[in-house]
Amino acid sequence: MPTYHLASCVDDADLRISHIIRGQDHLTNTFKHLLIFEALGVQSPQFAHLPLLVAPDGAKLSKRKHGPVVSVTTYRDAGFLPQAFVNFLCLLGWSPKDDREFLSIDELAAAFTFEAVNRSNAVINFDEAASSSSELAPFDPKAVWLNAEHIRALPVEQLSPLLQPFFEQAGLNPSPESSSP
């Protein structure tokens, strides 16, 4: 829609957006946006287009088609730590030059460069059959591994309160005192 493109560029100019980072499916919009920025008489932002996240069959991920597998709340409710999930997502379309996989958010930010972003789409290796079953885990094995690594790295004092909701869900209610040696 022409009005969307105009409104988007006017908003970016008004907010003095310096960089626009979006999926490669928006690459064709970039040329329209550059012309609109020029017509507005403002400097255009820097553009970067990232590869898309796709399902094992190569289809673009969609909340309508892939349901809970693409929902952040599914991972949260399964016990994924936010830092592990961010770590997993970053490694889908990018790789640090030193081949590390387990990275903190600070390490990810320090190591990130656009030059290291992959050019091809990133496949999330979830099990579609498992995504519709409550008994099977639909998660990408690398996401599960990274989450386990992040959990192991947490000090007990930080891990313990994170486990409390899962204990309660299982009908257990350990007191903090009972975990003391």
Query - Hits in the stretch 85-95 (condition: within 16 Å of residue 120 (Cα to Cα) and either out of contact with any strand residue (DSSP E or B) (no Cβ under 9 Å at 6 or more places or on another chain) or free of Cβ contacts under 8 Å to residues at least 40 places away in the same chain (or both)) - result: 89, 90, 92, 94, 95
Query raised in the report: Taking into account only those residues within the stretch 91-115 that are open to solvent by less than 50 Å² (accessible area, probe 1.4 Å) and in a helix (DSSP H, G or I), which is modelled with the lowest pLDDT?
Result: 93
Query raised in the report: Can you find a residue in the stretch 3-22 that is surrounded by 14 or more Cβ atoms within 10 Å (Cβ to Cβ), in contact with a Gly (Cβ under 8 Å, 6 or more places away or on another chain), among the hydrophobic types (A, V, I, L, M, F, W, C) and not in a helix (DSSP H, G or I)?
Result: no
Query raised in the report: Are any residues in the stretch 28-75 farther than 27 Å from residue 115 by Cβ, surrounded by 12 or more Cβ atoms within 10 Å (Cβ to Cβ) and β-branched (Val, Ile, Thr), and if so, which ones?
Result: 36, 42, 69, 70, 74
Query raised in the report: Looking at (1) at negative phi; (2) in a loop (DSSP other than H, G, I, E, B), can you tell me which one residue 32 breaks?
Result: (2)
Query raised in the report: Given the conditions (1) farther than 16 Å from residue 122 by Cα; (2) modelled with pLDDT of 90 or more, which single one is not true for residue 71?
Result: (2)
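Go through the residues of the stretch 80-87 one by one and say whether even a single one is at pLDDT below 90, touching a Leu at 6+ places or on another chain (Cβ under 7 Å) and farther than 21 Å from residue 51 by Cβ. Step through it out loud before you land on a result.
Within the stretch 80-87, the first condition is being at pLDDT below 90, and the residues that meet it are none.
Among the residues of the stretch 80-87, not one is at pLDDT below 90, touching a Leu at 6+ places or on another chain (Cβ under 7 Å) and farther than 21 Å from residue 51 by Cβ, which makes the answer no.
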Report task. Under 9 Å between Cβ atoms, at least 6 apart or on separate chains: pull out the pairs that start in the stretch 40-65 with a residue that is among the hydroxyl-bearing types (Ser, Thr, Tyr) and end on any residue that is assigned to a loop (DSSP other than H, G, I, E, B) and modelled with pLDDT under 90. Result -> 62/55
Query - Long-range neighbours under 6 Å by Cβ, at least six apart or interchain, first residue in contact (Cβ under 8 Å) with a residue 24 or more places away in the chain and open to solvent by less than 60 Å² (accessible area, probe 1.4 Å) within the stretch 142-162, second among the polar types (S, T, N, Q) and assigned to a helix (DSSP H, G or I) - result: 146/87; 150/83
Query raised in the report: Would a scan of the stretch 172-181 turn up a residue that is modelled with pLDDT under 90, open to solvent by 70 Å² or more (accessible area, probe 1.4 Å) and of a type in the set (A, V, I, L, M, F, W, C)?
Result: yes
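From 37, 85, 47, grab the single residue that is more than 23 Å from residue 141 (Cα to Cα) and in a helix (DSSP H, G or I). If you could, list the steps in order and put the result at the bottom.
Values: 85 fails: more than 23 Å from residue 141 (Cα to Cα); 47 fails: in a helix (DSSP H, G or I).
Matching residue, one of 37, 85, 47: 37.
The values are calculated or read from the model by the stated rules, or taken from the named source; none is laboratory data. Computed from a predicted structure; not experimentally measured. With ideal geometry, Cβ positions are generated from the backbone for all residues, glycine too; neighbour counts draw on all protein chains shown. For the accessible areas, the whole protein counts, side chains as well, though only heavy atoms, and no ligand, DNA or RNA atoms are used. Shrake-Rupley method; radii C 1.70, N 1.55, O 1.52, S 1.80 Å.
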